[in-house]
Amino acid sequence: MEFFGAIAERYDSLAQRGMPRYGEMLGALVDVTPDRAAVVLELGCGTGALTVRLSARYPGAKLLAVDGAREMVALAQKRLRQATIRRTTDVSFEVRRFEEFELRPQTYDLIASNMSLHHIEDKAPFYARLHTALKPGGLFAFGDELTAALPHVEEVHWNGWLEFARQPDHLTEREISEIISHVEEEHYETLPDQLTLLKSVGFVGIDCTWRYLNYAVFVASA
Ligand SMILES: C[S@@+](CC[C@H](N)C(=O)[O-])C[C@H]1O[C@@H](n2cnc3c(N)ncnc32)[C@H](O)[C@@H]1O
């Protein structure tokens, strides 16, 4: 959590300058969330980019946003306070690591997450807990970073990212090195492995609905 705590104030700027099609990805994720959801869980809210969108999409819902970095949660709370949406959604935040967060069975209509679940090393048991925590027919929708199955494809995606990162006004070489050193702590899956993992714990209606380079949006029903 130290990495995110340390970069929290710079995170929004880094995301805009360092993540190709970041806004499009968030939009694609929200597009595949259900029309109605009364109880929503967001994992890894960061500074609240998805939290604000979910809160606008589900007026009247109960939305709990969880993140392990206190500094990120503070910024998400601030962002929500400043958002120009009608604040009828009951949004609460919890500073907690996903691995330690209590997931009660059949509680949520929607579990959503963006760019956060690659921090989980052993995904199968975690996805199984998410499946159990969803109401029957509830939806798991998430965007995340992948790895490619073939080394030369990984190289194409990596070079695509570097090209974006090195555009004028995007990342400095120091910021690129900072991100690269953090990548070693992350646990990426290939796209087919993500689908297999979801299926193995009982999800149905599994799909990848958007992809650009190594970024993808998935949806699965409990
Ligand atoms: C790359 S940011 C994504 C933030 C936001 N969802 C977005 O789309 O911009 C990843 C977030 O996940 C949180 N995080 C990473 N690993 C975590 C873990 N094991 N438990 C809880 N939060 C975690 C970090 O603190 C960070 O805020």
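Is there a residue being touching an Asp or Glu at 6+ places or on another chain (Cβ under 6 Å), within 10 Å of the ligand (Cβ to nearest atom) and touching a residue at least 40 places away in the same chain (Cβ under 8 Å) anywhere in the stretch 20-40? The answer is no, given that none of the residues of the stretch 20-40 is touching an Asp or Glu at 6+ places or on another chain (Cβ under 6 Å), within 10 Å of the ligand (Cβ to nearest atom) and touching a residue at least 40 places away in the same chain (Cβ under 8 Å).
Here T47 fulfils each of the conditions (1) within 17 Å of the chain's Cα centre (by Cα); (2) assigned to a helix (DSSP H, G or I); (3) of a type outside the set (G, A, S) apart from (2).
The residue list F164, F203, F218, F140 contains one member that is in contact (Cβ under 8 Å) with a residue 40 or more places away in the chain, closer than 21 Å to L14 by Cβ and not hydroxyl-bearing (S, T, Y), which is F164. Looking across the stretch 17-44, the residues that are under 17 Å from A216 (Cα atoms) and in a helix (DSSP H, G or I) come down to G18, Y22, G23, E24, M25, L26, G27, A28, L29, V30, D31. The set of residues in the stretch 194-203 being surrounded by fewer than 22 Cβ atoms within 10 Å (Cβ to Cβ), at negative phi and in contact with a helix residue (DSSP H, G or I) (Cβ under 9 Å, 6 or more places away or on another chain) consists of L197, S200, V201. Per the listing S221, S200, S116, the residue uniquely of a type in the set (S, T, N, Q) and under 25 Å from G5 (Cα atoms) is S116. Candidates in the stretch 54-92 are the residues that are within 14 Å of V39 (Cβ to Cβ), small (G, A, S) and surrounded by fewer than 21 Cβ atoms within 10 Å (Cβ to Cβ); of these, the one that is farthest from the ligand (Cβ to nearest atom) is G60.
Since every read-out is calculated from the coordinates, none of them should be taken as a lab result. The shown structure was predicted, so the numbers you read here are calculated from the model rather than taken from an experiment. Note that we place each Cβ from the backbone using ideal geometry, even for glycine, and neighbour counts take in every protein chain shown.
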